[in-house]
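Trainee: Encoded as structure tokens, here's the structure I'll be asking about.
The values are calculated or read from the model by the stated rules, or taken from the named source; none is laboratory data. All values derive from a computational prediction rather than experimental measurement. Counting neighbours? That spans all protein chains shown, and the Cβs are built from the backbone with ideal geometry, glycine included.
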Number of protein chains: 2
Amino acid sequence: MRATWIAVDWGTTHLRAWAMDHNDAVLAEARSDDGMGRLARDAFEPALLQLIAPWLGPGITRVVACGMVGARQGWAEAPYRAVPCAAAAGALVKAPARDPRLDVRLVPGIKQDSPADVIRGEETQIAGYLAQLSGFNGVLCLPGTHAKWVHISAGEIVSFRTFLTGELFALLSETSVLRHSVAPAGWDAAAFQAALAETLSRPETLAAGLFNLRAEALLHDQAPETARARLSGLLIGAELAAARAYWLGQEVALIGAPALTALYADALAAQGLAATRTDGAAMTRAGLAAAHAALKEPT
Amino acid sequence: MRATWIAVDWGTTHLRAWAMDHNDAVLAEARSDDGMGRLARDAFEPALLQLIAPWLGPGITRVVACGMVGARQGWAEAPYRAVPCAAAAGALVKAPARDPRLDVRLVPGIKQDSPADVIRGEETQIAGYLAQLSGFNGVLCLPGTHAKWVHISAGEIVSFRTFLTGELFALLSETSVLRHSVAPAGWDAAAFQAALAETLSRPETLAAGLFNLRAEALLHDQAPETARARLSGLLIGAELAAARAYWLGQEVALIGAPALTALYADALAAQGLAATRTDGAAMTRAGLAAAHAALKEPT
């Protein structure tokens, strides 16, 4: 099965590729753990070929890739565009592939000078969302390891902020002293909402609320599923408190993994705000397709 | 060289022992990495003997130990005392040593029902401090992996709160994405004070301030020593904001590692508060000595 072109999402810890047809429909999907974080510069091309070789024909196949593959320590640097800038992808950067069948283009990230902030990967989801909903004005929230809040106006990215919420949740629940008290799965919706309300109204309580999860387990047999929901609520509440200027009175669209956007939607609903939800992987593909389509146009 | 008695500080990751004479002066010191976290119940006695055997005579030697060795998963459980309680150590619990030369006693921890919180180890530093300064009324702050703020009145521990500040600093600077931007050593005093002021006055800014450390490094070549001081300032500022009721208008005594109490003293000085500073290890020994002296008294 030959691909018309190939879409690639290449982050620090993952590599995901889709064989696409001429209508930008998915023909096949492949993934590996060959994230940018573990690859030396000359290891990018072999890692990619291992996944996509079955999809290549005798001619040249275009590959459009987003994510940390375009960082300074990636395959080739696709320099940041500065906000305010078009939400649609900027000029792609060609990666130095040696295999004559490959024409690999990398999507540039986005930077903000003050407060200093960067995006590398989510810009493609943003572009994909706006390619499908071109008149959108409002705020995009992309929860995840590094959650992004992005202000969109007239097709431009105006400003954004990044929150370490997802990474903090992983570190605290898996590596810190809280790992003894926090379940790896399971949930308690009421505990989530209560913890969320605590840090949203009084963000300073986060600092003491974390160890409290351990003490509640030791002294009052708090269920580890409750601790998991409370930890998530404390962290997302602190994020919402800090991002208040982004969502208060705004139209908010959530883009990301369905389980995660559901949490944020619940959190915002408790503040009287109805946010829409869109799958992140689909928006990555839509953004890569838009970048690919722009490449095809005569320049 | 024979010890009159032996003082032991036995935490999750460390074991530290002092050979003491009849005046509670230190004759010798030994330490190992045999923390409670890596020992099965029957491994405690061999780990201890490996350090202290040279100090034992033919008769019985008393060993007084504090820390996680007395937790439920430790050598033997020394159950928590509940606040409000005397700052002096409570009834010690005998550990089941098999060697006839050993008489090992464990110091109980302290618990608070609401908000749920626990102390296991620092109670001995508190007892040591009050043994030396019996009339102290005010607040003790014990910075560290799990920083404690403790309200002392009339020789009693009235209430306390624990903050994960030290563990968060370690996780963020060594394990998170910030490890690329934060130096393992070095300092920038102005950056520390500026970051401290940010989260102390607006604690919600912590959530966005963390990733900002990474972005400042990527975009503006922020020095990793500056990032280190800023990270410390952001976290301690958030702790001080949450612990405000403990220190505002109070007499505050800092107990801990000198480098750490110096930071907290600087932070509090910026709020117009002059805190005293006392070495933590010395207070651990003083607390163990007070517990040992209480054992000697006829009951």
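Trainee: Which fully enclosed strands (runs of 3 or more DSSP E) of region A:123-222 have 1 or more residues being more than 14 Å from every other protein chain (Cβ to nearest Cβ) and without any contact (Cβ under 8 Å) to a residue 40 or more places away in the chain?
Mentor: A:147-153
Trainee: Another question, then. Output yes when any residue across region B:226-246 is of a type in the set (S, T, N, Q) and surrounded by fewer than 21 Cβ atoms within 10 Å (Cβ to Cβ), and no when none is.
Mentor: Checked region B:226-246: no residue is of a type in the set (S, T, N, Q) and surrounded by fewer than 21 Cβ atoms within 10 Å (Cβ to Cβ).
Matching residues to (1) crowded, with 17+ Cβ neighbours inside 10 Å; (2) aliphatic (A, V, I, L, M); (3) modelled with pLDDT under 95:
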position: A:V8; (1), (2), (3): yes, yes, no
position: A:R41; (1), (2), (3): no, no, yes
position: A:C66; (1), (2), (3): yes, no, no
position: A:W75; (1), (2), (3): yes, no, no
position: A:P84; (1), (2), (3): no, no, no
position: A:A88; (1), (2), (3): yes, yes, yes
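Trainee: Could you pull out every one of the helices (runs of 4 or more DSSP H) wholly within region B:243-299 that has 3 or more residues that are closer than 30 Å to B:W5 by Cα, among the β-branched types (V, I, T) and outside the structural domain of B:G166 (by TED's automatic domain parsing)?
Mentor: none
Trainee: So for region B:99-117 (the condition being of a type in the set (V, I, T), assigned to a strand (DSSP E or B) and surrounded by 20 or more Cβ atoms within 10 Å (Cβ to Cβ)), does at least one residue qualify?
Mentor: So in region B:99-117, the residues of a type in the set (V, I, T) come out as B:104, B:107, B:110.
From what is left, the residues that are assigned to a strand (DSSP E or B) are B:104, B:110.
This time we only want the ones that are surrounded by 20 or more Cβ atoms within 10 Å (Cβ to Cβ), so: B:104, B:110.
So far as region B:99-117 goes, yes, one or more of its residues are of a type in the set (V, I, T), assigned to a strand (DSSP E or B) and surrounded by 20 or more Cβ atoms within 10 Å (Cβ to Cβ).
Trainee: Given A:T199, A:T226, which one is β-branched (V, I, T), within 27 Å of the chain's Cα centre (by Cα), under 19 Å from B:G237 (Cα atoms) and in the same structural domain as A:L268 (by TED's automatic domain parsing)?
Mentor: Of A:T199, A:T226, the one residue that is β-branched (V, I, T), within 27 Å of the chain's Cα centre (by Cα), under 19 Å from B:G237 (Cα atoms) and in the same structural domain as A:L268 (by TED's automatic domain parsing) is A:T199.
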